[in-house]
Structures are given as C-alpha cells and as structure tokens.
Amino acid sequence: MAKPLKKLVSCVILDLDGTLLNTDGVVSEVLKGFLAKYGKQWDGREAQRIVGKTPLEAAAAVVEEYGLPCGKEEFLAELHPVFYAQLCNIKPLPGASRLLKHLSGHGVPMALASNSPRGSIESKISYHQGWKDYFSAIVGGDEVTAGKPSPEIFLEAAKRLNREPSSCLVIEDSMPGVTAGKAAGMEVVAVPSVPKQAHLYTSADEVINSLLDLQPEKWGLPPFQDWVEGTLPTEPWYISGPVIKGFGRGSKVLGIPTANLSPKGHSSLLSEHPSGVYFGWAGLSTRGVYKMVMSIGWNPYFNNAEKTIEPWLLHEFTEDFYGEELRLVIVGYLRPEVNFPSLESLIAKIHEDKRIAESALDLPLYSKHKDDPYLSSSLHSESNHS
C-alpha cells in the first residue's frame, strides 16, 4: 500500500534523458568508439559527471578527464553527427511508456523539461509513437538563460502549463535536475540513473529505484490499476547462458540455491532493466521447464561490486547443474531491491517473493509463457514433458 499522501499535485514535469529514455546507453557506445581513436578506453567513470549536464558541460568533463588533445567545442562538433545517427536506437526506460500512457489517459497535464536543445528533444521523442502528443509543453536548454541546476527550466515549464510551481511534480534522474526542481519550489521524485548513488539524493522528496516503482497516488494522482496479485506484468524478455558458480552464499548463507548466470555478454540487457526482483519461467537444457524468481542487481545486503543475475528455480533438485544451458523468460516484476536490516528479514522477503511468484505463474496471463519455444529450443525431446 502507498504511504499517506505527501502533497497534492496537479501536473507532472519530466526530464527526458536518463528518466524516460535510456540515452546513457547510446552515449556510452558513441563515446567508446570515439575515445578509441585517441587510444583511450571509456570505462563509465565519467558517467556521474555528465548525467544531467548540458551537452557542452558534459563534453568539457570528458575532455578534461581523459586529457583529450581537443577543445570541448571541437569534441562536441565531432561527436554530434555520430550521436544524432544513433537517436533512433535510444530505447524508453522500463515503465516510461506505461507512466506516460497512464497520466495522459487520466488527463494529467505533462511537460518535458530537459537541458538538451529543443530540436534534439523533439528528434528523440519522434521515434516513440504518441509521445509528442502526451506533452502540453516542451522546454529545452536552449530556451532558457541557464540550464539545470538553475530552476529556470522548470519555472518556464510550469508557466507554459499555466500552473503554480507548488502544484507540479518533477520526475528526474540527475542531481542537477533534483536541485533545479527543489529550487523551483516543486515536489521532486528522483529515479537515480547512476547505480548505488541513491544516498546522495537527500534533497528529493522521494527516491525510487525505477519508474516501475512510482506510486502516483502518493501525490494525489490516479493510481496504476495494472498490478495483478502483487505482480506487475511486463513485456517478456529473454536471457540465457551456462549456469555458473555464484558467491556460494545462496545455499550456504541463505538456504536458497540460486542458479547464477554470468553478467558477461549481458551488459546492454542489464543496463536496460532496473535492478529488482522479477519472475518467469526457466528452461534447463536436459531437464525441463520450471517456475523461477530472480534478482538482478547489486544485492545491497551483500554489496556486490557488479550487477548480477541470480535466478532461483522453484524446484527441489537432487544435484548441481553447473555448466548446463539455462534459458529464462522473464514475464513480470515484483519489487525493487532494498537493503535489509538483517539476514533473517532478507530471507523472509525472498520466501515471500517465492510465494507470490509461484502462485502468480499459475494465472493464464503468465502460465501461457511456459510453452514459449525459447525455453525448449535446446531441450532434448525426452525431457520436453518432464
């Protein structure tokens, strides 16, 4: 259940890059190729310094950090056409289309406010059907005298929506954006796009893990009606690989034997999907298809160094199956990752996840995916009915 109301709002102002669109993924690919020309390797360490910045500020940060033999304007001029050619490949972040459709369907006025130039914003959203019509106003960084963290961009958006700043809810992924929203006198929900940085967003009114976790009713907006028995149906997505040895803590520490997959080769998929607990179906190459609940992410309790994929097959196996091909169809979302005060509370929550997933997977909505050909494409014929 949602906590009591924080404050009534009547409109929503959204940032674009990193909030609605996974621009960072494309920026990283472009920078990787570009820096290679200078014999440098993009390692993402600058991600935090460029999030939420104007294009010129971001360029300056990269030029400085990597000691590039060019000025920021030159760098930007060279990068610009390469990036623009990739605009059509920028995907919406999970929950973005769902949120826009929901608010629009309930007549909640929305504006886009981004440090990107107006033309760039319009180009980016043109690849996503219906998005342009969702927004009553669009404000670009080139339409104001100062970009975020200055509040000007948000105040201009409120003006164009004909609303008081205090009745606006801002949804932002970056610190400059959160700072700007609060300075404008607005309520701010932060959805941090840089992992493990949530603790820095103390000035936001609420910090959530992804747009899937937004509860509009906390702000007096219409609630989502698409949760089914504690689960959120998602478009199915797929991942496979040989089962690897994990940290040895699944069975030993938690009493929960996870069949881990290596994150190698799955980095783009892992950047597309927020950390959290999901569920679906698992196919093992020689054994059959099983119900499955899994966590993706940093596992705050154990503070993993990298994002991991830890599926738990809801079946009693009598032996290990390291090295066997595991295929997963993920059909729904349960909850964000949270840090637990104790091991006992973590174990209790994982068992609750299991109960919810096990029961939900019997619903026709989810059970139909058990027959997905992806799961059995590597199964031997004799185990198709196991």
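The values are calculated or read from the model by the stated rules, or taken from the named source; none is laboratory data. Computed from a predicted structure; not experimentally measured. In case anyone asks, the SASA skips ligands and DNA or RNA and just uses the protein heavy atoms, side chains included. Shrake-Rupley method; radii C 1.70, N 1.55, O 1.52, S 1.80 Å.
Assorted remarks:
- Averaging Cα coordinates gives a centre for the range 133-209 and one for the range 329-373; these two points are 33 Å apart.
- Calculated [θ] (222 nm, deg cm²/dmol) that DSSP helices of n ≥ 4 give over the chain, each run adding -39,500 (n - 2.57): -9000 deg cm²/dmol
- Relative to the dominant Cα principal axis of the chain, helix 72-85 is inclined by about 50°.
- Sequence-separation-based contact order of the chain, relative, with Cα cut under 8 Å and 6+ spacing, percent: 15
- In this structure the amide hydrogen of V139, modeled in the peptide plane, comes within under 5 Å of the amide hydrogens of L112, A113, S114, none closer than 5 places in sequence on its chain.
- Area accessible to solvent at K72, 1.4 Å probe radius, in Å²: 80
- Karplus-derived 3J(HN,Hα), 6.51/-1.76/1.60, for each residue of the range 117-124, Hz, glycine and proline x: x, 3, x, 5, 4, 5, 4, 4
- Computed with a 1.4 Å probe over protein heavy atoms only, the accessible surface of the range 72-192 comes to 41 Å² per residue.
- Only beta bridges with both residues in the chain are counted; by DSSP, about 70 percent of them are antiparallel.
- Share of carbon and sulfur in the accessible heavy-atom surface of the chain [1.4 Å probe, %]: 53
- Computed 3J(HN,Hα) for the range 137-146, one whole-Hz value per residue from the Karplus formula 6.51 cos²θ - 1.76 cosθ + 1.60 where θ = phi - 60°, is 8, 10, 10, x, x, 8, 9, 10, 6, 9, glycine and proline marked x.
- Exposure rank, largest accessible area first [E172, E325, E29; 1.4 Å]: E29, E325, E172
- Solvent-accessible area of W131, all protein chains in place: 10 Å² (probe radius 1.4 Å, heavy atoms, ligands and nucleic acids excluded).
- L269 accessible area, 1.4 Å probe, all protein chains in place, Å² to nearest 10: 40
- Taking amide hydrogens as placed 1.01 Å from N in the peptide plane, the amide H of V207 sits under 5 Å from those of A190, each at least 5 positions away in sequence or on another chain.
- Most to least accessible of L211, L200 (protein chains only, probe 1.4 Å): L200, L211
- Across the chain, the volume of the C-alpha convex hull divided among the residues equals 151 Å³ per residue.
- Amide H to amide H distances under 5 Å link T234 with G332, Y333, where only residues 5 or more positions off or on other chains count and H is placed in the peptide plane.
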